[in-house]
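Q: First the structure, then my questions, so here it is.
The values are calculated or read from the model by the stated rules, or taken from the named source; none is laboratory data. Keep in mind it's a predicted model, so treat the numbers as computed, not measured. Note: ideal-geometry Cβ built from the backbone for every residue, glycine included; neighbour counts use all protein chains shown.
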Amino acid sequence: MLSKRQALRVLAVLAAFTLSSCSGYDNSALGVAVVGEPADPFAKGGDLTQGGVLVRASTVEGLVAFDDAGRVIPALADRWIVTDDGQSYIFRLRDGNWANGDPITADTAKRAISAALKSLDGGPLALDLAGIDEVRAMAGRVIEIRLTRPMPYLLQLLAQPELGLLHKGRGTGPMEAVRSGAIAALSAIDPARLGMPPIENWAERTRQIQLRALPGPSAVEAFNDGSVDLVLGGRIQDFLLTRSVGILRGTIQLDPVVGLFGLHVMNDEGFLAEPANREALAMAVDRDGLISPFGVGGWVPTTRIVTPSLDGDLGTIGERWGEQTLEQRRAVAAARVRAWNAPSNAAPGGAALRLRLWLPEGGGSTVLFNRLSTDFAAIGIGLDRAEDAGEADLALVDDVARYPRAAWYLNRLSCHAGKGLCSEEADARVTEAGAAATPAERAALLTEAEAELTGSNVFIPFGTPIRWSLVRGSVDGFSVNAWGWHPLMPLAWLPK
């Protein structure tokens, strides 16, 4: 039991500590974990995991960037205008230098943009940007991006990490990264170093971010023991781990994202050769039951490939099998399985039809696998886990849309993407949409493309992806957003 004098002394020390904390700056580094493998933040190349993408976005900025709320903000370009016809974006580059001291000019920026676009190498993001016709260097620090058609989402695409601009192999920040063992230590670059106006008391305005990539269980454990104050990049395979996070440690934040979450049919062998048989699999899935074990409030299932009610959605494509109950759908699907299992198609020895499913490792994936096994067993199909997506009949797709338009979904499932079965007819409609004369004609063609892709039954939609983070109450610079994107620079700013 403390005496009155001892208690007063303790209170005085605590008061002094509180005053010193409020009057000064806490420059201690912020520990951040991103779900992945330890080498992720240091990876190079185009196919980066979340850890590598976070580091690239922090150290190689583009014309524009995202803030913590997912809004487009200036980066190398400090302002821009869009012409009335929506087919020309004119950017004014900021005063300042590239990382090596060369001045930022229209010519150097044009070369950097052209190199970034070329590096996309025909992948889905290149298809998203196919409307770019020309990049022009104008007077001084002004560049123009001309389009073959309006692209209302162009700024969101230019803010993607892949569109970060390199000059002589280096980015301009806004942060620089130094490797320290398994930690990427990222520090905000003083603007004066890049030829920009200095900011008073810069060293007191920012703090270092210490980023590490950890497997899901280790990331949650690091948050629970206080080693990190923020966990990013959480997906459904590790979501059940968040149950160990007590209310005093922090909060579980879910991003309101849209995108692709379902099974991609990887080949057309055997039972999967016929679209009607592939449809049978989609009919068997109990979508509500699939996610119910996770307790995710507000999650909405869908049988559509494109998330309903996006901008440009004509509303002419509805949910499939709306007049049938799950039991009725399964009865139709089971009849198709029995028909295929006739003696001419039966496996040697009369073995039941079995398919191989690839899912990422994790407790949540085990739950998904068990649920899908039950669903498919109800129509007479067994399910096995595949170790690699390339060896699977079905593979989980879990991607967040980079912009809220049907084209994003169709490009991700296109034959150009080369990830599984596709529809050349759907791709042809998307190509035609790119040359459409009006937004209404473009929307109609994209709707036709979705209908073609739906009819081919190469993708089995479940609903929207699940993205989660763990956030300590003391963390500033984090906001949930529709892109599931959480840049590191806002986390480095200290409150005034």
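Q: Of all residues being assigned to a loop (DSSP other than H, G, I, E, B) and in contact (Cβ under 8 Å) with a residue 60 or more places away in the chain in region 368-394, which is surrounded by the fewest Cβ atoms within 10 Å (Cβ to Cβ)? Just the residue, please. Break it down into steps so the answer makes sense when it comes.
A: So the first thing to find is which residues in region 368-394 are assigned to a loop (DSSP other than H, G, I, E, B), and the list is 378-381, 386-388, 392-393.
Of the ones still in play, those that are also in contact (Cβ under 8 Å) with a residue 60 or more places away in the chain are 378-379, 381, 392-393.
Numbers: Ala378: 18, Ile379: 21, Ile381: 24, Ala392: 23, Asp393: 23.
That would be Ala378.
Q: Also, I was wondering about something else. Cβ contacts < 9 Å: first residue more than 19 Å from Met151 (Cα to Cα), restricted to region 103-128; second residue of a type in the set (S, T, N, Q) and in a loop (DSSP other than H, G, I, E, B), any location; separation 6+ or different chain. Result?
A: Qualifying pairs under 9 Å: Ile104/Thr172.
Q: Now, a different point. Out of Ala436, Ala426, Ala451, I need the residue that is over 23 Å from the mean Cα position of the chain (by Cα), more than 30 Å from Val35 (Cβ to Cβ), in a loop (DSSP other than H, G, I, E, B) and touching a residue at least 24 places away in the same chain (Cβ under 8 Å). Which one? Please lay out each step first, then the result.
A: Numbers: Ala426 fails: in a loop (DSSP other than H, G, I, E, B); Ala451 fails: in a loop (DSSP other than H, G, I, E, B).
It is Ala436.
Q: Also, quick follow-up: Is it true that some residue in region 393-407 is aliphatic (A, V, I, L, M) and in contact with a Ser or Thr (Cβ under 6 Å, 6 or more places away or on another chain)? Explain how you work it out, then say what you get.
A: Applying the first criterion (aliphatic (A, V, I, L, M)) to region 393-407 yields 394-397, 400-401, 406-407.
Now restrict to residues that are in contact with a Ser or Thr (Cβ under 6 Å, 6 or more places away or on another chain): none.
Within region 393-407 (the criterion being aliphatic (A, V, I, L, M) and in contact with a Ser or Thr (Cβ under 6 Å, 6 or more places away or on another chain)), the answer is no, since none of the residues qualifies.
Q: Give just the number: which of (1) in contact with a Leu (Cβ under 8 Å, 6 or more places away or on another chain); (2) not in a strand (DSSP E or B); (3) not small (Gly, Ala, Ser) does Pro256 not satisfy?
A: Checking Pro256 against (1) in contact with a Leu (Cβ under 8 Å, 6 or more places away or on another chain); (2) not in a strand (DSSP E or B); (3) not small (Gly, Ala, Ser), the one that fails is (1).
Q: Do any residues in region 59-73 that are touching a residue at least 12 places away in the same chain (Cβ under 8 Å) and more than 10 Å from Gly164 (Cβ to Cβ) have Cβ atoms under 7 Å from those of residues that are part of a loop (DSSP other than H, G, I, E, B) and aromatic (Phe, Trp, Tyr), where the two are at least six apart or on different chains, and which pairs are they?
A: Pairs that qualify, where the first residue is touching a residue at least 12 places away in the same chain (Cβ under 8 Å) and more than 10 Å from Gly164 (Cβ to Cβ) and the partner is part of a loop (DSSP other than H, G, I, E, B) and aromatic (Phe, Trp, Tyr), are Phe66/Trp483; Phe66/Trp485; Asp68/Phe478; Gly70/Trp483; Gly70/Trp485.
Q: Being crowded, with 18+ Cβ neighbours inside 10 Å, in contact with a Gly (Cβ under 9 Å, 6 or more places away or on another chain) and assigned to a strand (DSSP E or B), is that true of even one residue in region 471-485?
A: Yes, some residue in region 471-485 is crowded, with 18+ Cβ neighbours inside 10 Å, in contact with a Gly (Cβ under 9 Å, 6 or more places away or on another chain) and assigned to a strand (DSSP E or B).
Q: Yes or no: Val397 in a helix (DSSP H, G or I) and crowded, with 20+ Cβ neighbours inside 10 Å?
A: Values: in a helix (DSSP H, G or I): no; crowded, with 20+ Cβ neighbours inside 10 Å: yes.
No: the conditions fail for Val397.
Q: Next question. Among the residues of region 160-188, count how many are of a type in the set (D, E, K, R) and in a loop (DSSP other than H, G, I, E, B).
A: Number satisfying all stated conditions: 1.
Q: Of these, Glu323, Glu327, which one is part of a helix (DSSP H, G or I), out of contact with any Phe, Trp or Tyr (no Cβ under 6 Å at 6 or more places or on another chain), surrounded by fewer than 12 Cβ atoms within 10 Å (Cβ to Cβ) and not assigned by TED's automatic domain parsing to the domain that holds Ile252? Walk me through how you get there before you give the answer.
A: Details: Glu323 fails: part of a helix (DSSP H, G or I).
Of Glu323, Glu327, the one residue that is part of a helix (DSSP H, G or I), out of contact with any Phe, Trp or Tyr (no Cβ under 6 Å at 6 or more places or on another chain), surrounded by fewer than 12 Cβ atoms within 10 Å (Cβ to Cβ) and not assigned by TED's automatic domain parsing to the domain that holds Ile252 is Glu327.
Q: Using the structure shown, decide if Leu157 is surrounded by 17 or more Cβ atoms within 10 Å (Cβ to Cβ), assigned to a loop (DSSP other than H, G, I, E, B) and touching a residue at least 40 places away in the same chain (Cβ under 8 Å).
A: Numbers: surrounded by 17 or more Cβ atoms within 10 Å (Cβ to Cβ): yes; assigned to a loop (DSSP other than H, G, I, E, B): no; touching a residue at least 40 places away in the same chain (Cβ under 8 Å): yes.
When the stated conditions are applied, Leu157 does not pass them.
Q: So which of Ala203, Ala116 ends up being hydrophobic (A, V, I, L, M, F, W, C), within 23 Å of Arg71 (Cα to Cα) and not in a strand (DSSP E or B)? Lay out the reasoning, then the answer.
A: Working: Ala203 fails: within 23 Å of Arg71 (Cα to Cα).
Result: Ala116 is the single residue among Ala203, Ala116 that is hydrophobic (A, V, I, L, M, F, W, C), within 23 Å of Arg71 (Cα to Cα) and not in a strand (DSSP E or B).
Q: Within region 147-161, restricting attention to residues that are within 16 Å of Ala406 (Cβ to Cβ) and not hydroxyl-bearing (Ser, Thr, Tyr), which residue is farthest from the chain's Cα centre (by Cα)? Please lay out each step first, then the result.
A: Start the filter on region 147-161 by keeping residues that are within 16 Å of Ala406 (Cβ to Cβ), which leaves 149-153, 156-157.
Next, only the ones that are not hydroxyl-bearing (Ser, Thr, Tyr) stay: 149-152, 156-157.
Working: Arg149: 26, Pro150: 24, Met151: 20, Pro152: 20, Gln156: 13, Leu157: 13 Å.
Result: Arg149.
Q: In the set Ile199, Ile189, which member is without any contact (Cβ under 8 Å) to a residue 24 or more places away in the chain, buried (at least 17 other Cβ atoms within 10 Å of the Cβ), outside the structural domain of Ala433 (by TED's automatic domain parsing) and over 15 Å from Leu63 (Cβ atoms)?
A: Details: Ile199 fails: buried (at least 17 other Cβ atoms within 10 Å of the Cβ).
Of Ile199, Ile189, the one residue that is without any contact (Cβ under 8 Å) to a residue 24 or more places away in the chain, buried (at least 17 other Cβ atoms within 10 Å of the Cβ), outside the structural domain of Ala433 (by TED's automatic domain parsing) and over 15 Å from Leu63 (Cβ atoms) is Ile189.
Q: Shifting gears a bit: Restricting attention to region 209-236, and to residues there that are more than 17 Å from the chain's Cα centre (by Cα) and of a type in the set (D, E, K, R), which single residue is farthest from Phe294 (Cα to Cα)?
A: The selected residue is Arg212.
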